[in-house]
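Asker: Before I ask anything, let me first share the structure, which is written out below as structure tokens.
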């Protein structure tokens with residue numbers, strides 16, 4: 001079987017990274033949201049590093065990578081999404097917002113500077129403390145997928 005590719009570089013993981021781009025720097029995700037979640041920065045940093053390690057051949061370096069992914073958590077909010085007939089919240093939504101600055105030092109036209117949000121809903125019979133861990137895992141997965149796609153998959 002012969003595989004012929006057209007314009008650009010494409011891999012089976014869906015990335016479109018030029019062959020001369022070899023390294024990426026993913027520094028610690030800063031936490032700037034008003035509501036505090038002490039483990040979210042660390043968990044998101046680790047998840048992003050793991051995603052890029054698994055789905056690309058880029059070498060992760062401490063600084064000055066060909067690519068740099070700088071993220072900060074700017075929002076961590078809980079809001080009611082469903083209200084009962086008695087005007088009591090039946091469901092809440094945890095939303096996390098991350099500002100992303102992606103720099104491609106070799107191909108600056110691929111730079112990305114935007115915010116991403118992801119959320120997960122939970123029943124108000126549960127306290128946020130009881131479900132926060134699993135909600136954050138789900139939200140981190142969504143954020144990593146969106147950030148990965150917008151930066152190196154260019155979707």
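Asker: Output the peptides 17-25, 30-38 sorted from most to least packed, where packing is the average of other Cβ atoms within 10 Å over each peptide's residues. It would help to have the intermediate numbers written out before the result.
Answerer: On the way: 17-25: 16.2, 30-38: 12.3.
Result, highest mean Cβ count within 10 Å first: 17-25, 30-38.
Asker: Mean residue ellipticity at 222 nm from the helices of the chain, using -39,500 (n - 2.57) per DSSP H segment of n ≥ 4 over the full residue count, to the nearest 500 deg cm²/dmol?
Answerer: After summing the helix terms and dividing by the residues of the chain, the value is -8000 deg cm²/dmol.
Asker: Here is a further query. Quote the relative contact order of region 23-153 in percent (integer), defining contacts as alpha-carbon pairs under 8 Å separated by 6+ residues.
Answerer: Across region 23-153, relative contact order equals 23 percent.
Asker: Let me ask you something else. Would you please give the FRET efficiency between residue 111 and residue 131, computed as 1/(1 + (r/R0)^6) with r the Cβ-Cβ distance and R0 = 41 Å, to the nearest 0.05? Please report the intermediate quantities before stating the final value.
Answerer: Details: r = 36 Å, r/R0 = 0.89.
Computed FRET efficiency for residue 111 and residue 131 comes out at 0.65.
Asker: I've got another one for you. Sorted by packing (mean other beta-carbon atoms within 10 Å per residue), highest first, where do 94-101, 82-89, 70-77 land?
Answerer: 94-101, 70-77, 82-89
Bear in mind that the values in this text are calculations on the coordinates, not laboratory data. Everything quoted here is computed from the prediction, not taken from an experiment. Backbone-built Cβ (ideal geometry, glycine too); neighbour counts: all protein chains shown.
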